[in-house]
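Reading through the structure tokens given below for one structure.
The values are calculated or read from the model by the stated rules, or taken from the named source; none is laboratory data. As the structure is a prediction and not an experimental result, all values here were calculated from the model. Every residue, glycine as well, gets a Cβ built from its backbone with ideal geometry; the counts of neighbours run over all protein chains shown. Side chains included, ligands, DNA and RNA excluded: accessible areas come from the protein's heavy atoms. Shrake-Rupley method; radii C 1.70, N 1.55, O 1.52, S 1.80 Å.
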Amino acid sequence: MRSDDKINLTNNVDWITIGFYVLFVFLGWLNIYAVVYDPEAVTTIFDFSINSGKQLMWIGGAFIIIIAILVIDYKFYSAFSYVFYVISMLVLLITIFMGTEVNGSKSWLDLGFVRIQPAEFAKFTTALALARLLGSIHSNIDHLETLAKALMLLAIPCALILLQNETGGMLVFSAFVLVLYREGLPGTLLLIGVFVTLLFVLTLAIGVKPIIIGLAVLFSIIILYFIINRLRMTRKQLTNRILVFLFIFGMSCAFVFGVHKIFFEILQEHQRNRIMVLFDTQLDIRDKGYHLHQSKIAIGSGDLFGKGFLEGTQTKFDFVPEQSTDFIFCTIGEEHGWFGSTILITLYVLFMMRLVFLAERQKDRFSRIYGYSVASIILFHFMVNIGMTIGLFPVIGIPLPFFSYGGSSLWSFTILLFVFLKLDSHRGQVLAGH
């Protein structure tokens, strides 16, 4: 290790972000223990037979990973970014055929001594590859070729993860749209994305016919407005404008019909029910809607200040499934109430603001793009994980970063974050070719 690396390990690394990391990991560990705590059993938080003890081992492994990341030369991550990406995609492909099925998803690799979820690590390798592609001095996202390459980098892991029947893991990659937008993706495309998302939600919420009628009325009003207010347009320009709106109307109708067909004829029943429970909170609350129903009860029962640490009754009687992982926020809501939940949410918001600040201060494009990828991925997990516990998002099964139980999740987020902190510690230097 060179002398400048030693300086970076002690002085240049961002200790504020590390402080957030340690705090989240520690609070997560305490709440994992709260989930498995049994007052009648003689167990401690350090008992390796329960989740809190197992998580402690994962935490120990995470700190070893941190040291390794900070010791390695910062140029290594850029130089081998494509290699990491290819290896990661191959592992995802292997998982499709050799993976272990858990909860209907064939997304785990059983290595005998440990079981990992490759999709978690694919977020890190994809972030590196995207940063390498867009960080090149010859790269410009305004060029169709560059945009096509970027979208292909994102499409490959999405397809492989979807083939593992891991819808939640696939949707995480939509967070990279924010990175593309920061690097120059036209805002019009984001507006199109919002419009498409709105059509999707409304199609499921109120059906096809009302949407088609609404679209017909909307576009009729728009076209009528342009006819009445021709302004300085020639007849040819007006005709072209009307044809464009008619084309958009046709594409919108086709999308609505396509959503209806895919949702009701292609998606499996459990996937449909996880989404439909958002529109009907009483939908099969003893089966498909059980997670969300019990989650709301647990959070609501916490009132203003909660029942107290280790005093959650919903937790003790195991009413909320997957409470150590996907529904860990329920424990916060029940035992620490609105006050504790607000503090945790505020800490996450401050943490993500810090990541954006770090990304913006990078002089190197590779580091900046990678930093925004880290912030976007964590933002997506944060919003969806908490949103699905209170009924704002479908239950798609993704963890709360650094907080939820699980080695794959903790290690992947640790790698994702600390590679960025390593790059940030060298922010005064510019990588060659970037």
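So if I check each of Val356, Val374, which one is open to solvent by 20 Å² or more (accessible area, probe 1.4 Å), in a helix (DSSP H, G or I), farther than 25 Å from Lys54 by Cα and not charged (D, E, K, R)?
Values: Val374 fails: open to solvent by 20 Å² or more (accessible area, probe 1.4 Å).
The conditions single out Val356.
Condition first: part of a loop (DSSP other than H, G, I, E, B) and either closer than 25 Å to Tyr33 by Cβ or open to solvent by 20 Å² or more (accessible area, probe 1.4 Å) (or both). Now tell me which residues in region 411-434 satisfy that. Even if it seems obvious, please write down each step before you answer.
Step one: filter region 411-434 for residues part of a loop (DSSP other than H, G, I, E, B), giving 425-434.
Result: Arg427, Gly428, Gln429, Val430, Ala432, Gly433, His434.
Can you name every residue in region 228-259 that is in a helix (DSSP H, G or I) and open to solvent by 80 Å² or more (accessible area, probe 1.4 Å)? Spell out how you get there, then give the answer.
First pass over region 228-259, keeping only residues in a helix (DSSP H, G or I): 228, 235-259.
Across region 228-259, the qualifying residues are Ile228, Arg235, Lys236, Gln237, Arg241, Leu243, Leu246, Phe247, Met251, Phe257.
Looking only at region 181-227, count every residue that is touching a residue at least 24 places away in the same chain (Cβ under 8 Å), assigned to a helix (DSSP H, G or I) and within 24 Å of Leu130 (Cα to Cα) and tell me the total.
1
Name every residue in region 117-166 that is touching a Pro at 6+ places or on another chain (Cβ under 7 Å) and aliphatic (A, V, I, L, M), in order of residue number. Break it down stepwise before answering.
We begin by selecting, within region 117-166, every residue touching a Pro at 6+ places or on another chain (Cβ under 7 Å); these are 122, 126.
Scanning region 117-166 gives a single hit, Ala122.
Restricting to region 218-227, and then to whatever is farther than 20 Å from Val194 by Cα and not polar (S, T, N, Q), can you tell me which residue is most open to solvent (accessible area, probe 1.4 Å)? Can you show your working first?
Kept after step one, since they are farther than 20 Å from Val194 by Cα, are these residues of region 218-227: 220-221, 223-227.
Of the ones still in play, those that are also not polar (S, T, N, Q) are 221, 223-227.
Working: Ile221: 106, Ile223: 27, Leu224: 95, Tyr225: 129, Phe226: 43, Ile227: 80 Å².
Filtering first and then ranking leaves Tyr225.
Please verify whether Gly337 is open to solvent by less than 10 Å² (accessible area, probe 1.4 Å) and either without any contact (Cβ under 8 Å) to a residue 24 or more places away in the chain or within 15 Å of Ala175 (Cβ to Cβ) (or both), treating the condition exactly as stated.
No; evaluated as a whole, the condition is false for this residue.
I'm trying to understand the selection: among the residues of region 207-226, which are modelled with pLDDT under 80 and not aromatic (Phe, Trp, Tyr)?
Step one: of region 207-226, the residues modelled with pLDDT under 80 are 226.
Listed by number, the list is empty, since nothing qualifies.
Inspect all residues belonging to region 85-99 and state whether any of them is in contact with a helix residue (DSSP H, G or I) (Cβ under 7 Å, 6 or more places away or on another chain), open to solvent by 60 Å² or more (accessible area, probe 1.4 Å) and free of Cβ contacts under 8 Å to residues at least 60 places away in the same chain.
No: region 85-99 contains no residue that is in contact with a helix residue (DSSP H, G or I) (Cβ under 7 Å, 6 or more places away or on another chain), open to solvent by 60 Å² or more (accessible area, probe 1.4 Å) and free of Cβ contacts under 8 Å to residues at least 60 places away in the same chain.
Out of region 386-410, which residues are under 21 Å from Ala122 (Cβ atoms), polar (S, T, N, Q) and crowded, with 24+ Cβ neighbours inside 10 Å?
Ser404
Could you please find all residues in region 190-209 being surrounded by 13 or more Cβ atoms within 10 Å (Cβ to Cβ) and not β-branched (Val, Ile, Thr)? Break it down into steps so the answer makes sense when it comes.
Applying the first criterion (surrounded by 13 or more Cβ atoms within 10 Å (Cβ to Cβ)) to region 190-209 yields 190, 193, 195-196, 199-205, 208.
Correct list: Leu190, Gly193, Phe195, Leu199, Phe200, Leu202, Leu204, Ala205.
Are there any pairs, at least 6 apart or on different chains, whose C-beta atoms fall under 7 Å, with the first in region 142-163 and loosely packed, with under 14 Cβ neighbours inside 10 Å and the second not β-branched (Val, Ile, Thr) and not in a helix (DSSP H, G or I), and if so, which?
Asp142/Gly184
Working only within region 45-67, note down all residues that are of a type in the set (A, V, I, L, M) and closer than 14 Å to Phe403 by Cα. Before you say what the answer is, go through the steps one by one.
Filtering region 45-67 for residues of a type in the set (A, V, I, L, M) gives 45, 50, 56-57, 59, 62, 64-67.
Passing the criteria: Leu56, Ile59, Ala62.
So how many residues does region 39-85 have that are assigned to a loop (DSSP other than H, G, I, E, B) and in contact with a His (Cβ under 8 Å, 6 or more places away or on another chain)?
First pass over region 39-85, keeping only residues assigned to a loop (DSSP other than H, G, I, E, B): 39-50, 72-74, 80.
From what's left, in contact with a His (Cβ under 8 Å, 6 or more places away or on another chain): 74.
Number of matching residues: 1.
I'm checking my understanding of the structure. Among residues of region 1-38 that are open to solvent by 30 Å² or more (accessible area, probe 1.4 Å) and part of a loop (DSSP other than H, G, I, E, B), which one is modelled with the highest pLDDT?
So the residue we want is Tyr37.
Yes or no, residue by residue, for (1) modelled with pLDDT under 85; (2) touching a Leu at 6+ places or on another chain (Cβ under 9 Å); (3) more than 14 Å from Tyr33 (Cα to Cα); (4) not in a loop (DSSP other than H, G, I, E, B):
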| residue | (1), (2), (3), (4) |
| --- | --- |
| His291 | yes, no, yes, yes |
| Ser295 | yes, no, yes, yes |
| Ile299 | yes, no, yes, yes |
| Asp303 | yes, no, yes, no |
| Glu311 | yes, no, no, no |
| Gln314 | yes, no, yes, yes |
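Could you list all residues from region 377-410 that are assigned to a helix (DSSP H, G or I), of a type in the set (Val, Ile, Thr) and under 23 Å from Ile116 (Cα atoms)?
Residues of region 377-410 that are assigned to a helix (DSSP H, G or I), as a first pass: 377-389, 407-410.
Adding the requirement that they be of a type in the set (Val, Ile, Thr) leaves 377-378, 384, 386, 389.
Of everything in region 377-410, those that are assigned to a helix (DSSP H, G or I), of a type in the set (Val, Ile, Thr) and under 23 Å from Ile116 (Cα atoms) turn out to be Ile377, Ile378, Val384.
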